[in-house]
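Asks: Sending over a structure as structure tokens; questions will come in a sec.
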Amino acid sequence: MSARASPDHRASVESIIRVREARSKFMPENWFSDPAWDILLRLYHAYLDGLERTVGDLGSFASTSPATTNRWLDVLASRGWIHRRRDERDQRRVFISLSETGAEQMHECFEQMRKNC
């Protein structure tokens, strides 16, 4: 089943993002640092909408430095979860999207969360 065929996942992803953002207003962000999860949430949300994100976007969402963002993207790429694509007009810009493997894994993760919550 295609992850894009899961509109209920979009609402779940958006809810988790809102909770994480609200939490950061009351507690220091470094108490709950989980950059890989933040990156995957944003990439799955973009995937469900048929979009890509830039490395800068993902670093901003995850509140991480460019080096940390790229380190996590390297980990995700080595596992086949993401694709990188250079902007044709600006070679300095790199777009990131979930691969089919990454999308399937996120889909399964959200299916399990839905069943258990």
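The values are calculated or read from the model by the stated rules, or taken from the named source; none is laboratory data. This structure is a prediction, so every number in the text was calculated from the model and none was measured. No Cβ is skipped: glycine too gets one built from the backbone with ideal geometry, and neighbour counts run over all protein chains shown.
The rows are residues; the columns are (1) under 12 Å from the mean Cα position of the chain (by Cα); (2) at pLDDT 90 or above; (3) within 20 Å of F110 (Cβ to Cβ).
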position	(1), (2), (3)
A3	no, no, yes
P7	no, no, yes
V13	yes, no, yes
E29	no, no, no
I39	yes, yes, yes
A67	no, yes, no
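Asks: Which one of R84, R42, R92, R71 is part of a helix (DSSP H, G or I), more than 22 Å from H9 (Cβ to Cβ) and among the basic types (K, R)?
Replies: After ruling out the rest, the residue left standing is R71.
Asks: Restricting the search to segment 47-65, which residues are assigned to a helix (DSSP H, G or I) and farther than 16 Å from M106 by Cα?
Replies: Within segment 47-65, V55, G56, D57, L58, G59, S60, F61, A62 meet the criteria.
Asks: Among (1) touching a residue at least 60 places away in the same chain (Cβ under 8 Å); (2) over 16 Å from the mean Cα position of the chain (by Cα), which single condition is K25 missing?
Replies: (1)
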